[in-house]
Amino acid sequence: MAEGNAGFSSSGWSLRGTTALVTGGTRGIGYAVVEELAGLGATVHTCSRNEAELDKCLREWHAKGFAVTGSVCDGSDRAQREQLMEKVSSIFNGKLNILINNVGTNIRKPTVDFTAAEYSTIMTTNLESAYHLCQLAHPLLKASGAGSIVFVSSVAGVVSLGTGSIYAATKAAMNQLTKNFACEWAKDNIRSNSVAPWYIKTSLVEHVISFILLMLFLEYFIFLAMLIYSEKCVDIWHETLVLH
Ligand SMILES: NC(=O)c1ccc[n+]([C@@H]2O[C@H](COP(=O)([O-])OP(=O)(O)OC[C@H]3O[C@@H](n4cnc5c(N)ncnc54)[C@H](OP(=O)(O)O)[C@@H]3O)[C@@H](O)[C@H]2O)c1
C-alpha cells in the first residue's frame, strides 16, 4: 500500500504527474483505490451520490496531503455522467491517465422475484454507467498518451456465486467489454483491464457476508457427503475429507 506522504511508496513506484478518475470513492474498494493512487502521487477525482460523505472523505485526504477532488454524481444517470466528465476534463486539462470504473450495486433476491425497475437499476449502475464513462473518457485517455481503464468486476461474473443472476451478468459483460476495449483502443495507447474480487467486507456486502460464508460451508459439506454416498465413490471406505 502507498504510504501517507503523497508520491512515495515502499516499492519506489510513483504515479506523480498522472491523473485518475475513480468512481464511487467514498467507501469500500473505491475509497481504498483513491488512497492508493493519491498516495502514489496521482491527482485523483472521485464521485459519489452523498455530498456530506464525499466532503468528509475529501477533508481526510487533504489532511493526508493527497491531491483529491470530488463531485456529487449519480453514476446511473446519463446527464450526470456527462457533467462529471466535463468537470474531469476541465480540472485535468483534457487529459486522463486512469479511469477506475468502480461504482456498482446489487439487489439480492431470486431471479423470478426481480422487477423491471430492479433489473434496470443494476444494469444502469453496473454496466451502462461503466460503458458510457469509457466512451466519454476515451478522448481524454487518448490525449494523455498513456491511458488505462480498470473495471471493478467480480468473481460472480465468472462463476455462479449465488449473488443474483443479473448482478453476475453485468460483471460478465464487464469482463467482455474489457477485452473489446483492449483490442479496439490499443492503437490509442489505452490499456483495458478488469479486477474481479471475491468477497471483500465493505458496506455492499457486510450485512450478508457471515450468512454467505455459512451457506458456502454447508453447500461444500453436503456436496462432499453426497460424493461419499454416491455410486461413483464406492471405493472410498474410510477417508476423512478435510474442508479447506
Ligand atoms: N465488496 C465485495 O465483496 C465485492 C466483490 C466483488 C466486486 N465488488 C464490486 O466492487 C465495487 C465496489 O464495491 P464496494 O463493496 O466497495 O461497495 P460499497 O462499499 O457499497 O461502496 C460503493 C461506493 O460507490 C458509491 N456509489 C454507489 N452507487 C453509486 C452511484 N449510482 N453513483 C455514484 N456513486 C455510487 C458509494 O457512494 P454513495 O452510495 O454515497 O453513492 C460508495 O462510495 C462494485 O462494483 C462491486 O460490485 C465488490
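The table for this structure:
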item	result
Members of region 168-194 found to be assigned to a helix (DSSP H, G or I) and within 13 Å of A143 (Cα to Cα), listed by number	W185, K187, D188
Scope region 137-154; condition under 14 Å from I100 (Cα atoms) and either surrounded by fewer than 19 Cβ atoms within 10 Å (Cβ to Cβ) or not assigned by TED's automatic domain parsing to the domain that holds C47 (or both); matching residues	S148
Residue, nearest to the chain's Cα centre (by Cα), within region 122-134, restricted to residues that are more than 9 Å from the ligand (Cβ to nearest atom) and within 20 Å of V205 (Cα to Cα)	L127
Region 190-218, residues that are surrounded by 14 or more Cβ atoms within 10 Å (Cβ to Cβ) and either at pLDDT below 85 or of a type in the set (A, V, I, L, M, F, W, C) (or both)	I190, V195, A196, L204, V205, V208, I209, I212
From the options A172, A146, A116, A137, residue that is hydrophobic (A, V, I, L, M, F, W, C) and within 14 Å of the chain's Cα centre (by Cα)	A172
Failed criterion for K56 (all others in (1) more than 25 Å from V195 (Cβ to Cβ); (2) of a type in the set (K, R); (3) more than 15 Å from the ligand (Cβ to nearest atom) hold)	(3)
Candidates D113, D77 - the one that is within 9 Å of the ligand (Cβ to nearest atom) and among the charged types (D, E, K, R)	D77
Verdict on G70 being modelled with pLDDT of 95 or more, on the phi > 0 side of the Ramachandran plot and more than 9 Å from the ligand (Cβ to nearest atom)	no
The listed residue being more than 16 Å from the ligand (Cβ to nearest atom) and among the aliphatic types (A, V, I, L, M), out of I209, I166, I200, I190	I190
Only one of V150, V155, V195 that is within 8 Å of the ligand (Cβ to nearest atom), among the hydrophobic types (A, V, I, L, M, F, W, C), touching a residue at least 24 places away in the same chain (Cβ under 8 Å) and within 19 Å of G30 (Cα to Cα)	V155
Hey, L96 surrounded by 22 or more Cβ atoms within 10 Å (Cβ to Cβ), assigned to a helix (DSSP H, G or I) and either in contact (Cβ under 8 Å) with a residue 24 or more places away in the chain or not aliphatic (A, V, I, L, M) (or both) or not	no
Residues (part of a helix (DSSP H, G or I), within 6 Å of the ligand (Cβ to nearest atom) and surrounded by 23 or more Cβ atoms within 10 Å (Cβ to Cβ)) located in region 21-40	G30
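The values are calculated or read from the model by the stated rules, or taken from the named source; none is laboratory data. Note that the structure is a prediction, hence the values are computed from the model and not measured. As a convention, Cβ positions derive from the backbone with ideal geometry for all residues, glycine included, and neighbour counts pool all protein chains shown.
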